[in-house]
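Novice: Take a look at this one; I'll ask things after.
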């Protein structure tokens with residue numbers, strides 16, 4: 001079972017868009033996928049047209065059984081929803097005298113090998129829940145909007161990940177996904193070149209700016225459902241293929 005975090009400390013880089021469409025793309029290939037929303041904004045389920053009453057926090061806090069918290073939302077695709085109740089998990093973690101960083105890993109142990117892929121959408125910033133996610137996963141996909149400040153944020157995020165790697169030896173930033181790529185804007189290509197220079201082969205083909213990607217969640221659909229012939233669908237199909245290939 002591959003466990004992948006969609007993570008970067010900076011917000012507004014397309015984490016949830018990437019998590020939802022990547023999970024859907026992998027599920028469409030026939031692989032079983034669990035998509036976990038570890039963000040207090042709880043946008044993942046809504047982007048898939050779902051409004052579950054239970055989710056990740058209910059399960060970890062002991063209010064619901066795992067089978068009650070899991071929601072099937074597409075063929076081969078299940079969701080553990082996030083939302084404001086995630087703040088309760090933060091309090092639980094900080095109250096622990098030791099072992100708080102493995103709270104998520106321990107809770108999700110019953111799911112080991114039940115899915116081919118587990119994808120975790122993280123919130124912006126660097127908090128107790130994000131640290132828990134990075135103790136749980138093996139791989140990180142970092143979406144990076146092609147802006148100067150985001151590039152700086154990626155460098156800082158890489159340093160923070162290095163601190164976690166001392167305790168989670170399996171963890172590595174395996175993919176960097178440039179987002180909001182716009183050929184009309186010179187800086188887009190300049191920053192993309194800088195990314196490749198600094199990070200080499202782990203930089204993926206960029207996701208082009210595409211209004212369909214921002215419209216699809218409003219209809220509770222993935223890009224493959226909402227606009228299957230769009231540039232957004234084409235780009236997420238390519239990154240899906242790359243990740244399935246390993």
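Novice: Do we find that residue 88 is in contact with a helix residue (DSSP H, G or I) (Cβ under 8 Å, 6 or more places away or on another chain) and surrounded by fewer than 19 Cβ atoms within 10 Å (Cβ to Cβ) in this structure?
Specialist: Numbers: in contact with a helix residue (DSSP H, G or I) (Cβ under 8 Å, 6 or more places away or on another chain): yes; surrounded by fewer than 19 Cβ atoms within 10 Å (Cβ to Cβ): yes.
So residue 88 passes the test.
Novice: Same structure, new question: Are there any pairs with C-beta distances below 6 angstrom linking a residue in the range 146-169 that is more than 29 Å from residue 181 (Cβ to Cβ) to a residue that is assigned to a helix (DSSP H, G or I), with the two at least 6 apart or on different chains, and if so which?
Specialist: Short answer, once both residue conditions are applied: 168/135.
Novice: Quick one: in the range 226-246, which of the residues that are out of contact with any strand residue (DSSP E or B) (no Cβ under 9 Å at 6 or more places or on another chain) and over 17 Å from residue 175 (Cβ atoms) is surrounded by the fewest Cβ atoms within 10 Å (Cβ to Cβ)? Lay out the reasoning, then the answer.
Specialist: From the range 226-246, those out of contact with any strand residue (DSSP E or B) (no Cβ under 9 Å at 6 or more places or on another chain) are 226-230, 233, 236-238, 240-241, 245; that's our starting set.
From what's left, over 17 Å from residue 175 (Cβ atoms): 226-230, 233.
Values: 226: 18, 227: 18, 228: 13, 229: 8, 230: 19, 233: 22.
Restricting to residues being out of contact with any strand residue (DSSP E or B) (no Cβ under 9 Å at 6 or more places or on another chain) and over 17 Å from residue 175 (Cβ atoms), the top hit is 229.
Novice: Hey, among 214, 230, which residue is farther than 22 Å from residue 4 by Cβ and in contact with a helix residue (DSSP H, G or I) (Cβ under 6 Å, 6 or more places away or on another chain)?
Specialist: Details: 214 fails: in contact with a helix residue (DSSP H, G or I) (Cβ under 6 Å, 6 or more places away or on another chain).
Answer to the check: 230.
Novice: Same structure again: Wholly within the range 1-92, which helices (runs of 4 or more DSSP H) include no fewer than the required count, namely at least 3 residues that are touching a residue at least 60 places away in the same chain (Cβ under 8 Å) and under 27 Å from residue 145 (Cα atoms)? Steps first, answer last, please.
Specialist: Numbers: elements: 15-28, 43-47, 56-60, 66-69.
Of the helices (runs of 4 or more DSSP H) lying wholly inside the range 1-92, those with at least 3 residues that are touching a residue at least 60 places away in the same chain (Cβ under 8 Å) and under 27 Å from residue 145 (Cα atoms) span 15-28, 43-47.
Novice: When residue 123 is evaluated against the numbered criteria (1) surrounded by fewer than 17 Cβ atoms within 10 Å (Cβ to Cβ); (2) modelled with pLDDT under 95; (3) touching a helix residue (DSSP H, G or I) at 6+ places or on another chain (Cβ under 8 Å), which criterion, by number, is the only one it fails?
Specialist: Condition not satisfied by residue 123: (1).
Novice: Residue pairs, Cβ under 9 Å, 6 or more apart or interchain, first in the range 234-246 and modelled with pLDDT under 95, second not in a helix (DSSP H, G or I). List them.
Specialist: These pairs meet every condition: 246/2.
Novice: Please specify each residue of the range 106-120 satisfying the condition of being surrounded by fewer than 17 Cβ atoms within 10 Å (Cβ to Cβ) and part of a helix (DSSP H, G or I). Explain how you work it out, then say what you get.
Specialist: We begin by selecting, within the range 106-120, every residue surrounded by fewer than 17 Cβ atoms within 10 Å (Cβ to Cβ); these are 106, 109-110, 112-114.
106, 109, 110 - these are the residues of the range 106-120 that are surrounded by fewer than 17 Cβ atoms within 10 Å (Cβ to Cβ) and part of a helix (DSSP H, G or I).
Novice: Ok, one more. Can you say whether residue 124 is assigned to a loop (DSSP other than H, G, I, E, B), within 27 Å of residue 172 (Cβ to Cβ) and in contact (Cβ under 8 Å) with a residue 60 or more places away in the chain, as far as the supplied structure shows? Please lay out each step first, then the result.
Specialist: Values: assigned to a loop (DSSP other than H, G, I, E, B): yes; within 27 Å of residue 172 (Cβ to Cβ): yes; in contact (Cβ under 8 Å) with a residue 60 or more places away in the chain: yes.
Yes.
The values are calculated or read from the model by the stated rules, or taken from the named source; none is laboratory data. Just so we're clear, the structure is a prediction, and the values are computed from it rather than from any experiment. Note: ideal-geometry Cβ built from the backbone for every residue, glycine included; neighbour counts use all protein chains shown.
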